[in-house]
Amino acid sequence: MGRKWRRDPAKERFWRRTLQEWRRSGLSVREFCDWQSLSEASLYAWRRELAKRDGEAVPRGAPPARNRSTARSPFVPVHVVADAASDSRASDLLELHLPTGVRLRVPSGFDRQTLTDVLNALGHGVEAPRC
């Protein structure tokens, strides 16, 4: 007798979370999948499947479901990492993990304009904060 197919709730949760991260990243499907070591075909298939489960229509070949005006967010993900080094100056570093995999270590007292210029050069389009 044939085996009945059942949904895997853990897999569905993983792909819902992954699709949400992709939409927030501002990256293309190719860039995001390369960054996360995922198959583009799987991401597209799960996007269709979850839209179907949620009752949404996603036409074949549809562009990513995101607002084009927010495709390039002025914010980049930032993770503050505690440094276990004994040198007290090392603990005064801010480490930025960018979606592209680039990591920047910025010392305290950094020049904001220089950091903004570096992020812009890396393609993250960050505007200097207005005070």
Completion exercise
Protection proxy (average C-beta count within 10 Å per residue), highest first, orders 102-108, 6-12, 29-35 as 29-35, 102-108, 6-12
Handout entry: Vicinal HN-Hα couplings computed from phi for the range 14-27 (Karplus, 6.51 cos²θ - 1.76 cosθ + 1.60; Hz; Gly/Pro x)
Key = 4, 6, 4, 5, 5, 5, 5, 4, 4, 4, 6, 5, x, 8
Exercise for the section: For Arg7 and Gln113, calculate 0.36 nm times their separation in residues minus their Cα-Cα distance, and state this gained length in nm to one decimal. Expected result: 33.1 nm
Handout entry: Ordering of 19-27, 38-46 by packing [mean C-beta count within 10 Å, highest first]
Key = 19-27, 38-46
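Bear in mind that the values in this text are calculations on the coordinates, not laboratory data. It should be emphasised that the depicted structure is a prediction, and the values quoted were computed from it without experimental measurement. Heads up, the Cβs are rebuilt from the backbone with ideal geometry, glycines too, and the neighbour counts pull from every protein chain shown.
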